[in-house]
1. Which one is surrounded by the most Cβ atoms within 10 Å (Cβ to Cβ), of the residues in segment 43-75 that are of a type in the set (A, V, I, L, M) and out of contact with any Lys or Arg (no Cβ under 7 Å at 6 or more places or on another chain)?
2. With respect to the numbered conditions (1) part of a helix (DSSP H, G or I); (2) closer than 25 Å to C18 by Cβ; (3) touching a helix residue (DSSP H, G or I) at 6+ places or on another chain (Cβ under 7 Å), which one is the sole condition not fulfilled by E95?
3. Look at Q31 and say whether it is modelled with pLDDT under 85 and either in a loop (DSSP other than H, G, I, E, B) or surrounded by 16 or more Cβ atoms within 10 Å (Cβ to Cβ) (or both).
4. Report yes if some residue within segment 4-26 is more than 19 Å from the chain's Cα centre (by Cα), farther than 30 Å from S94 by Cβ and modelled with pLDDT of 80 or more; otherwise report no.
5. Being more than 16 Å from E115 (Cα to Cα), at pLDDT 80 or above and out of contact with any strand residue (DSSP E or B) (no Cβ under 9 Å at 6 or more places or on another chain), is that true of even one residue in segment 39-52?
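The values are calculated or read from the model by the stated rules, or taken from the named source; none is laboratory data. If you're wondering where the values come from, they're calculated on a predicted model, not measured in any experiment. Don't worry about glycine lacking a Cβ; one is built from the backbone with ideal geometry, like all the others, and counts go over all protein chains shown.
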Amino acid sequence: MGLFHPVFKHYGEDNHYCSRVQYHGYKTGIQMQATVIHDRAQETTDERRLWLRQLATIPLYTLLDIRKPFWWCKWMARIKMNRLLKKLDTLNESENNLAAEQKMWFDSKLHEIKEIRKETQRKLSRSSYIR
């Protein structure tokens, strides 16, 4: 199954990893006594920043969910992206640029996404994603 895929910068890699684990017939679990320490700055409570972060991650991990057919993932990712844009309501100039970039990314990277899906559907070794 490999490790976290390098296409994910910081968010969404856990969702993608879990979908790959399940696709390959394994189960995921939660260790209730575990403590998680993130190697990054404190989470923001600014709702707009959270929506913008989700705009960059949710469509990506939805497209890469190999448990579902690609046509469904593409359709669902576009719906999720449009819902997030609606929640942002009015965008300032930099947010509008980010939203436009995300829409262009969505359309321009579909071939690459298909290749990543094929790659992650194969059984991979532990070091597959170490670069």
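1. In this case the residue turns out to be L60.
2. It is condition (2) that E95 fails.
3. Numbers: modelled with pLDDT under 85: no; either in a loop (DSSP other than H, G, I, E, B) or surrounded by 16 or more Cβ atoms within 10 Å (Cβ to Cβ) (or both): yes.
For Q31, the condition - modelled with pLDDT under 85 and either in a loop (DSSP other than H, G, I, E, B) or surrounded by 16 or more Cβ atoms within 10 Å (Cβ to Cβ) (or both) - is not met.
4. Scanning segment 4-26, I find at least one residue that is more than 19 Å from the chain's Cα centre (by Cα), farther than 30 Å from S94 by Cβ and modelled with pLDDT of 80 or more, so the answer is yes.
5. The answer is no, given that none of the residues of segment 39-52 is more than 16 Å from E115 (Cα to Cα), at pLDDT 80 or above and out of contact with any strand residue (DSSP E or B) (no Cβ under 9 Å at 6 or more places or on another chain).
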